[in-house]
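The values are calculated or read from the model by the stated rules, or taken from the named source; none is laboratory data. These figures come from a predicted structure and were not determined experimentally. All Cβ positions, even for glycine, are placed from backbone atoms using ideal geometry, and neighbour counts span all protein chains on display. The accessibility values were calculated without ligands, DNA or RNA, using every heavy atom of the protein model including side chains. Shrake-Rupley method; radii C 1.70, N 1.55, O 1.52, S 1.80 Å.
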Amino acid sequence: MNDLQVTDPTVQTRALKISARQVDVFYGDTHAIRKVDVDIADKTVTAFIGPSGCGKSTFLRCLNRMNDTIDTARVAGKIRLDGEDIYDPRVDPVQLRARVGIVFQKPNPFPKSIYDNVAYGPRIHGLARDKAALGGIVEKSLRRAALWDEVKDRLGAPGTSLSGGQQQRLCIARAVATSPEVLLMDEPCSALDPIATAQVEELIDELRRRYSVVIVTHSMQQAARVSQNTAVFHLGELVEFGETGQIFTNPNDPRTENYITGRIG
Amino acid sequence: MTDATAARPTPSLLAQDNRTRHRNRAEVRFRAFGMAAMGTGVLALAVLLASVVSNGLGAFRQTFITFPVVLSQERLDPDGHRDPAAMARVTTFGYAPLIGRAFADHVAALGIETGLGPRAMAAMLSEEAPGQLRTAVLANPQLVGETITLDVLASGRIDGYFKGRVTLESAERDRNVSPEQLRLAETLAQAGVLTTRFNQNFITAPDASGQRPEAAGLGVAILGSFYMMLVVLVLTLPIGVAASIYLEEFAPKNRFTDLIEVNISNLAAVPSIVFGILGLAIFINFAGLPQSAPIVGGLVLTLMTLPTIIIATRASLRAVPPSIRSAALGLGASRMQSVFHHVLPLAAPGILTGTIIGLAQALGETAPLLLVGMVAFVREYPAPLPAGLFDPASALPVQVYNWTQRSDPAFVERASGAIIVLLVVLIFMNALAVLLRRRFERRW
Amino acid sequence: MPLSWLLASVVLLGASGYVAGRRRALAGVGGKCWLLHSLPHYYGANVAIFTIVPALMVLAVWLLVQPLVLERQVAPMITGAAFQDADARSLAMTDMRRVARGLDVAVRQGALTKEQARSNQTEFTDIRARLGRAGVAPGGAVTPEVLRAAQRYRRLEATGSILMTAAVLGLAALGLAYACFTRTRREFRARNAVERAVLALLILASAIAILTTVGIVLSMLFETFNFFELYPWHAFFFGLEWRPRFEGGSELGLLPLLWGTLYISFIALLVAVPIGLFAAIYMAEYAGHRLRAVAKPLIEILAGIPTVVYGLFALVTVGPILRDYFAEPLGLGSSSSSVMTAGIVMGLMLIPFVSSLSDDIINAVPQSLRDGSYGLGATQSETIKQVILPAALPGIVGAVLLAASRAIGETMIVVLGAGAGAALSLNPFEAMTTVTVKIVGQLTGDTDFSSPEALVAFALGLTLFVITLGLNVLALYIVRKYREQYE
Ligand SMILES: Nc1ncnc2c1ncn2[C@@H]1O[C@H](COP(=O)(O)OP(=O)(O)OP(=O)(O)O)[C@@H](O)[C@H]1O
Ligand SMILES: [Mg+2]
């Protein structure tokens, strides 16, 4: 497995991973996203912030074509992953999603054992040659999601029997297990206590060494803590996009300032 | 790409790798299975309906033979008083030769050559004909002495020939019909004496015995079914609504109401034949109600339909928002008043729809009716209501069953025709239910 | 007085009670109805209830009890020395009742005068002939004792009926007077009283469900006990032969019937479960709105078609096809009614049952699980097979159990499609019979309810009831547990 390779953390690659240009999303007649341009750099954490209902989740779901599963949703514009248009008719969303994983706001473990939950992705994508390899992937993923110590003695227990925070970390482990290149996280910490939140943030920081991570969050502190880049949404539009430090200390757009100060100030 | 990910050559998204291709093929297969399953369901429906319709449409058409008959006085009214009571002494055996002879004479008069004797020719007419003529004469004694044009049913085999059920080859092997008879029938058809046309008697006439499929009709069965549906409607609607109101609006949560709840959901799934056993044991053997009577069938079907109607009624009561109840209570109405004045009227369309669907289900039910004697061979129409509830009668689905048990293949056509009638009524009822639902559908 | 007249009088009394109560209530406050506790019509209704309800209750009890009392009165006249065992006695009583009814009919038709019917001198043969002419055929031999008993029965009945009329009408009048004079005052809470009565009525209506169950269980239990007195229970439950004989010495073993039932149900489920389940999956997960709007109702029409229609379909279409194209070429038999015929047709009948239940259940699986699976890059079929179906499994098992209970209790399809001869065989193209077929067979036509051949039907019915009840309870429990899990 390639991700066993040790990456030098000091190498700050800012190569472009995903570029979105002029993206519009409609739900039936509702225009949920208007002409959004965002660049997601590789090996970076990008935070999406903005008031509720402004379209953060919608945009996030465009990035691995999860919106395909909603009948009424329609996406226009260009989104490129490594330079390839992901909405090209030749693209199989199945292959795309193997490379762009997603963690949802509400934990949604499958009604299977903890082990099978984590092994689900590797199994369908054929990532493990044999049982032992699969076991290795499961253990590594659970360790990275900071869950291993809590569940290593009961891998056969149903995933739904875990606490809410543990379930969310299980879902993160499940997403990590397919070693995606990009990990999308939609408010992953909203169900977690401060300790688990800290663990997840640590995990994100660790993931950043190999993957690029996009995280939607309502917590300004969290955005400030974990992200390098921040995109601010408002009513379906991208208000501002730039380095996190700059956005939080010296926003260009008054709406950004209102939002940030309204929350933290 | 940097060295960190270089080890894993990122495949292009635009080309599917082998594994994905393989998985997509599995996907297509799975989807095809699903489509095939759904198709099978729809196909089953189509084949079922096509089989019933193709077998049964013939029942609505029947072959008639038309010829003049002299109603001679010395045979039909020897006293000459035109007194129906005296004339009633002449049985159908007195009429049969009259008709047979008239038919043979008519054939001869048309100049048709046939090697058939009078007996074989008379056998081409329905055995029901003398009875029908007798009824007509007794109803109108003045006919005696006159020459009337008789329009009698052809026998089942002759009729079958014109519907393709009987062929010259099959007639060779058939004791009941000869090829010669069929040839004569063919000639008569060309002469216009014999015609196949719409037969309303199939719907109005009573059943006929096993040798006379051509005369068998659904009259008694339709009337019996109608009576039973009245009983079901009159009983289930009030009882079902009352029970639902109690359970939905007043029942406290305790062991007793729990028991009722469990009971109702289980009763809805008890095999229908068990209700037949109940009816036989309680209504007939214990309470001494008559066998074959619509009242008993109706009671059995009532017990069977009640759970369905209670479930539907409760659902529509539940759909009335609590705000309506609180509004009424807030104006000082009692709980009973709020339910009867406000909730019930709003739930009425839903209740009605549920009732119609319950009735439709009861109308098609057969098994329990077999046990309470509805299979009996009944030729008399039941009396008008309410006394008719206690008279012997049949029921539409039971009549279907009855006809399948008879040996003459013409009864298969009859049974399928009866099903067409049954299905038309059911379609009508369900359409009414759908219409009601559409018309009164309310979104809160 | 005939019953209908009595009923009409009671109702009439009730109506006048309503009017009187209403008037009196209004009169009591000088027409100022706002001074009353309740609206005037509640006072009227209260009086009407007091008039009608007790009277009708007495009437019902009387009608139930009178025949029992009368029979006890006349029983010594016929059963004194002649009959010792219970069967003969009950037979004689039946005859007596029939003769008594016959006399009624004869009098009504004028074949006998009232006096003749009562007279002790009437020639016995004469009575019999006249009864015959009136269309009443007394069962066995009508002995003079039976005739005398019948005549006494009729006399007692006439007296009883007069007494009953008096009691019922008296009680109605009493109730009217009581309610009208002591319970129609201004401060009386008439509405509460009426509402209590209505509530009692509602409770009564819902108790009918329980009464039905009790009726089912009791009616079958009693006759089953009677059956086991005539026929050993172990021979019934473990008997391998089903051979009823009219002359006695029948073998009434349950197992061949149970085998036929289970075999046919198994084949039916083999047809219905995959088709129904796949159809449900397709409609829930793949089909577009338009296809779904057409196909779903079409398949549900299958559920609304009466079972006798399926029976005829089995008899005239499926049976002959299976025989001509499968059974005979394969040398497996030449019967058009067979386990296969009934099983396949029953399977078609169950498709909508399985599919609509599964459809509900699949739709109850939360969307978040689907999203989770798609988000990991699973295809739709992988999601269905590995996430949705395992999640829906308990519910689907419940649906299959319900379908199995349907199949086991289904009657018309097997009556018309399975055959009538009991067999313990594995050949699916052989005619076999089922529990329900034999219930119909043993209980239709002229049945003698004291013979084991007829009574066995009640034991079969009870067996059927217990099996299906068990399946239903289990299935409903599983389905409910499943629903709770996702609520
Ligand atoms: N499936 C859908 N169908 C129709 N409209 C939708 C759907 N999902 C979201 N929307 C609409 O799109 C807009 C953006 O929704 P979205 O879920 O992206 O907001 P969000 O920024 O993630 O909000 P939150 O912070 O509350 O999660 C909202 O107005 C919402 O009503
Ligand atoms: Mg969101």
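Go through the residues of the range B:64-78 one by one and say whether even a single one is in contact (Cβ under 8 Å) with a residue 40 or more places away in the chain and either outside the structural domain of B:I158 (by TED's automatic domain parsing) or touching a Gly at 6+ places or on another chain (Cβ under 6 Å) (or both).
Our first condition is that a residue be in contact (Cβ under 8 Å) with a residue 40 or more places away in the chain; within the range B:64-78, this holds for B:64-73, B:76-77.
Keeping just the survivors that are either outside the structural domain of B:I158 (by TED's automatic domain parsing) or touching a Gly at 6+ places or on another chain (Cβ under 6 Å) (or both) gives B:73.
Yes.
Would you say A:R143 is open to solvent by 40 Å² or more (accessible area, probe 1.4 Å) and away from ligand 1 (no atom under 16 Å from the Cβ)? Explain how you work it out, then say what you get.
Working: open to solvent by 40 Å² or more (accessible area, probe 1.4 Å): yes; away from ligand 1 (no atom under 16 Å from the Cβ): yes.
Answer is yes for this residue.
For the range C:219-253, how many residues are open to solvent by 90 Å² or more (accessible area, probe 1.4 Å) and in a loop (DSSP other than H, G, I, E, B)?
3
Here's a check for you: in the range A:68-77, which residue that is within 11 Å of another protein chain (Cβ to nearest Cβ) and more than 8 Å from ligand 1 (Cβ to nearest atom) is most open to solvent (accessible area, probe 1.4 Å)?
Filtering the range A:68-77 for residues that are within 11 Å of another protein chain (Cβ to nearest Cβ) and more than 8 Å from ligand 1 (Cβ to nearest atom), the one most open to solvent (accessible area, probe 1.4 Å) comes out as A:D71.
Could you list, in sequence order, the residues of the range A:46-61 that are at pLDDT 90 or above, within 6 Å of ligand 1 (Cβ to nearest atom) and either open to solvent by 20 Å² or more (accessible area, probe 1.4 Å) or within 14 Å of chain C (Cβ to nearest Cβ) (or both)?
A:S57, A:T58
For A:I247, indicate whether it is within 16 Å of ligand 1 (Cβ to nearest atom) and either part of a helix (DSSP H, G or I) or charged (D, E, K, R) (or both). Spell out how you get there, then give the answer.
Details: within 16 Å of ligand 1 (Cβ to nearest atom): no; either part of a helix (DSSP H, G or I) or charged (D, E, K, R) (or both): yes.
Against the criterion (within 16 Å of ligand 1 (Cβ to nearest atom) and either part of a helix (DSSP H, G or I) or charged (D, E, K, R) (or both)), A:I247 does not qualify.
Scanning the range A:34-43 for residues that are away from ligand 1 (no atom under 12 Å from the Cβ) and surrounded by fewer than 20 Cβ atoms within 10 Å (Cβ to Cβ), which turns out nearest to the other protein chains (Cβ to nearest Cβ)? Don't jump to the end; show me each part of the working.
Keep residues of the range A:34-43 that are away from ligand 1 (no atom under 12 Å from the Cβ), which gives A:35, A:37-43.
Right, trim to surrounded by fewer than 20 Cβ atoms within 10 Å (Cβ to Cβ) and you get A:35, A:37, A:39, A:41.
On the way: A:K35: 24, A:D37: 21, A:D39: 16, A:A41: 12 Å.
This residue is A:A41.
Just name the residue that is surrounded by the most Cβ atoms within 10 Å (Cβ to Cβ) out of those in the range C:270-293 that are within 9 Å of chain B (Cβ to nearest Cβ) and not aliphatic (A, V, I, L, M).
Ranking the candidates gives C:G276 first.
Just to verify a result, which residue in the range A:78-105, among those that are part of a loop (DSSP other than H, G, I, E, B) and within 14 Å of chain C (Cβ to nearest Cβ), is surrounded by the most Cβ atoms within 10 Å (Cβ to Cβ)?
Within the range A:78-105, the first condition is being part of a loop (DSSP other than H, G, I, E, B), and the residues that meet it are A:82-83, A:86-92, A:104-105.
Filter once more, so that each one left must be within 14 Å of chain C (Cβ to nearest Cβ): A:86, A:91-92, A:104-105.
Working: A:I86: 25, A:V91: 19, A:D92: 20, A:F104: 22, A:Q105: 16.
Taking the candidates together, the pick is A:I86.
Which members of the range B:370-392 meet the condition of being more than 10 Å from chain C (Cβ to nearest Cβ) and either at pLDDT 90 or above or under 27 Å from C:V435 (Cα atoms) (or both)? Before the answer, list the steps.
Here is the first cut: in the range B:370-392, the residues more than 10 Å from chain C (Cβ to nearest Cβ) are B:377-385, B:387-392.
Scanning the range B:370-392 gives a single hit, B:F377.
Being surrounded by fewer than 18 Cβ atoms within 10 Å (Cβ to Cβ) and closer than 15 Å to B:L125 by Cα is the filter here; which residues of the range B:165-186 pass it? Let's see the steps before the verdict.
Step one: of the range B:165-186, the residues surrounded by fewer than 18 Cβ atoms within 10 Å (Cβ to Cβ) are B:165, B:167-170, B:172-176, B:179-180, B:183, B:186.
Those that are surrounded by fewer than 18 Cβ atoms within 10 Å (Cβ to Cβ) and closer than 15 Å to B:L125 by Cα: B:N176, B:E180, B:R183, B:E186.
Only helices (runs of 4 or more DSSP H) wholly contained in the range C:294-391 count here; list those with 1 or more residues that are more than 11 Å from chain B (Cβ to nearest Cβ). Lay out the reasoning, then the answer.
Numbers: elements: C:307-313, C:319-322, C:339-364, C:367-375, C:380-383.
Here the list reads C:319-322, C:339-364, C:367-375.
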